[in-house]
Structure formats: C-alpha cells, structure tokens
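Enquirer: One structure, pasted below without further comment.
Bear in mind these aren't lab numbers, they're just calculated from the coordinates by the rules spelled out. The structure presented is a predicted model; accordingly, all values stated were derived computationally and were not measured. Note: ideal-geometry Cβ built from the backbone for every residue, glycine included; neighbour counts use all protein chains shown.
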Amino acid sequence: MRNLFLFFREHYFYFLFLLLETFSLVLLFNYNEFQGSSLYSVSNAVSGSVNNMFSGISEYFSLRKTNRVLIEEMAKLHSRIPEAFYTTDVNIFYKKDSIVHLEYKYISAKVISNSTNKRNNFLMINKGSLHGIENHMGVIIGNKIVGQVVSVSPHFSWIMSMLNKDSRISGKFKKNNQLVNVEWNGGSYRRGQVKEIPKHIIMVKGDTIITSGNSDIFPEGLMIGTISGFKNAQDENFNNGEILFSTDFNSLGYIEVVVDMMRKEKEELKDSFKSQ
Amino acid sequence: MTSRTVFFNIIRFFFLIFFQVLILNHINLSGYINPYLYIYFILLLPFDTPRWMLLIAAFVLGWSIDMFTNTIGLNASACVAMAFARPFVISAISSGPESLLGETPSLRNQGLKWFLYYSIILILIHHFALFFLEIFRFSEFMATLVRVLLSSLFTLFLVLISEYLLYPRGK
C-alpha cells in the first residue's frame, strides 16, 4: 500500500496529465450532450455578455452596409403589402379563407460573434428562448441560408454555420428539382461541395441550387448558391460539384430565425406513424 | 517564485485571454491562418513552476478560451498536452545549467537559438493537437497539416515580436 502511494507520488505528473487530458477530451467528444446543461449555459452567459459588449462597438463600423441591406429589405416588403397588389373581386367566392395559413414566421436577431476561419464555425445571436427560439430552427439572411440553431439560452442562441463539418443541407437544382446534398469541407468560406448529384443530370456552371424544403429546417426555395465547377466521376454512381455560396458568411450583421409554425404538426404526424 | 512574478503572470493570463478572444480570433488570413498567441502564457511561466501547477494553469487557460469559442475541452486538451511536454522540451534542449539563467524563459536570457527551439516545438505540439482534435478525421490530413504549419508560423512570429517589444535586449 505504501509502495503504491509512493509510486503515485513519484509519477503524479503523468497521472495528473492523464486525468486532465481525459477530462477535457471526454467533454470535447460529448460536446453535444452538454448542450442545455448548466455548464453550457454558464459559459454561454459569460461569453455572451463579453461578445455583446464587443459587437456593440464593432457594429458602428458596418452601419453603412446595414442601412443598405435594410433599405433593400424595405423595398421588398413594400412590394408585398396589400396596397401594392391589383385586387379584383375573385376572393369573394371564398367564404372562409383556409388556404392561406401562416406557415413560417421570422425572428430577426443580431449576430454578436461569428467565424469563418475554423473547420467548424458557429455564430452567436442576441436572442434566445425568451424570444421564442428553439433548437433545430433554420437561420437565414434575406433569402439566403446561414445555418441552424443548435443551442439556446434565455438571451442568446448558438448557431451552427453552414461552414461546419456536421452541417449538411438538403438542396435541389432550381431547373429540374433534382435533390442534392450541400456540404463544406474546409478551405475557403465562399465555396462548398455538392454531393450526390445523379449521373444523368447535365450540369452547367451557374446552375442555381436552392433549398429543397425536405428537411423541416428551411422553407423551400431559399438560395444556397450556384454551381461553380464539377467533376464527372468515372467509377462512382454520383457526380460531385463545387458551389459558390450566395451567402457572404464573413459579413453577417442581422439574420432571421425561421420559425416553422407547423413543425409540431409535422412531427406528430411522423410520430404517429412510428407508433403504429 | 516571488509574489511579484505571480502577480505579473496573473495579469498576463487575463490580458492574453482577452487579446485572443476579442482581437486574434477575428483575424483570419486567406481563410486558413489563425494565430493563437494566448499560449505565450505557458511559454513564459517561470522555470521553477511546480509541474502540477503547470498542468492546472494550462488547463484553466485553455478552458477559459473554450468558454468564449464554445468548444468545450478543445483548447483545454491542447494546452494540457503542451504543458505536459514543456519540462521535457526544456531538459532536452538545455545543454548546461547556464541555459536556465533567469527566472522565466526569454529571448534575452537564453538566446535566440534556444528560445526558437523551445517555442517552435511547443507551438507545434499545441497547434497539432488543436487542429486535429477540431476536425477529428484523417481524410483532410494534408489540408489540416498546412493549416497547422502556417498558423504555427504566424503564432511564432507574434511570440517573437512580443519578446522583442516587451523584453528588449541590453535593458
């Protein structure tokens, strides 16, 4: 027993190293399970308030650009208000309008931290569960995709950017609705990879890829990007292509979180099938 | 270790964390290169720091950075690996007792060659652990290796600049 004790004392450096290293690696690889735990929200609260302070300063440098974006957005909205439409009395035939049912709602929020230089990039925004944001909601800017909410605290949300190894977005060709997957395997933040393009599809540079709406995260028809190059693989069943993202991930100021009002219904439908 | 040294190390600890989180984390050259100057703290710990303290300090340092980047455990494990290697690196590159002059490792006391070996090896260990743990797959080995080397060069550059600015020769 005494010898064991001496042994530990003599080699405590190695044991302490192993202990600390194991501890941090366990945390690292169980990262996802820790989301929502107290540990995670403490770190979110501390870093959130510091990032908030800092982005409050850096916000001033991008006022000009923010204004321009707002004006564009306003013009777009102006064209949607009832006064902008030529109305006829067609609607009079419908007594109860059950066709128009709000499916998506948007919550705007400010990006307070962002990165594009890591292999796995995340964003933090200044709204959280108090404002109605939940996990797995999609995040967009204008009509372009940004990422997906992976963790929420009361005042902040943590968003997995498209620029992440775990990020996989279901898209489709705008011209023929063929489904593909869009991923990012590092390198430049302007370009991603399009996977699983069926061989018979004829691609040209500049083909538009939009969201498919299959994933319950993004509505259909949002811009992902345009094909900027492709390779015809000889021995595989699918071709791969390179995509130029429409989103400029390095200059995200204000983004919108997509709230799917019918998500619960969709999930219940799926669950009811499973339980049968 | 005098209380003055402890005090300076604590100040340096906080300064480097905020410098890293607020400024350096926002720098990226050509989408690839990202300097991690905060490990300068581990490089500059005094020679007679107890070894358990070395590990604990590195762990707390990495952990603090992780809090801000929301990569729980990533920087902490890379820092602990680096701190673990530090005593071995020092004894491997020091030929005699004269190379351990002064209280802390520095360019001024140990000379350029010693300090370069010392910081290059430790920075490489840290960056290797950091970038490969972040990806955790070998399919992108070459791309990651390039990131490790370029970022290490950039970090080393910042460390040397800090050495020349903060501890000028012949003071």
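Enquirer: Can you name the condition, by its number, that B:Asn70 falls short on among (1) over 18 Å from A:Leu123 (Cα atoms); (2) at the interface with chain A (Cβ under 8 Å from one of its Cβ atoms)?
Expert: Evaluating B:Asn70 over (1) over 18 Å from A:Leu123 (Cα atoms); (2) at the interface with chain A (Cβ under 8 Å from one of its Cβ atoms) leaves (1) as the failure.
Enquirer: Go through segment B:64-94 residue by residue and tally those that are part of a helix (DSSP H, G or I) and within 18 Å of B:Ile23 (Cα to Cα). Break it down stepwise before answering.
Expert: Step one: of segment B:64-94, the residues part of a helix (DSSP H, G or I) are B:64-69, B:74-93.
Then drop every residue that is not within 18 Å of B:Ile23 (Cα to Cα), which leaves B:64-69, B:75.
Total satisfying the criteria: 7.
Enquirer: For A:Asn135, are the conditions met, namely being within 12 Å of A:Glu256 (Cβ to Cβ) and more than 14 Å from every other protein chain (Cβ to nearest Cβ)? Outline the logic, then answer.
Expert: Details: within 12 Å of A:Glu256 (Cβ to Cβ): no; more than 14 Å from every other protein chain (Cβ to nearest Cβ): yes.
The answer is no for A:Asn135.
Enquirer: Next question. Are there any strands (runs of 3 or more DSSP E) wholly within segment A:180-276 with 3 or more residues that are closer than 17 Å to A:Ile140 by Cβ, and if so which?
Expert: Working: elements: A:191-198, A:208-211, A:223-231, A:238-245, A:254-260.
By residue number, A:208-211, A:223-231, A:254-260.
Enquirer: For segment B:47-62, which residues satisfy the criterion of being buried (at least 17 other Cβ atoms within 10 Å of the Cβ) and not in a helix (DSSP H, G or I)? First the steps, then the outcome.
Expert: Pass one, segment B:47-62, residues buried (at least 17 other Cβ atoms within 10 Å of the Cβ): B:49, B:54-55, B:57-59, B:61-62.
The answer is B:Thr49, and nothing else.
Enquirer: Oh, and also: Which residues, taken from segment B:79-89, are surrounded by 21 or more Cβ atoms within 10 Å (Cβ to Cβ) and facing chain A (nearest Cβ under 9 Å)? Spell out the reasoning first.
Expert: In the first step, residues of segment B:79-89 are kept if they are surrounded by 21 or more Cβ atoms within 10 Å (Cβ to Cβ); the result is B:79-84, B:86.
B:Cys79, B:Val80, B:Ala81, B:Ala83, B:Phe84, listed by residue number.
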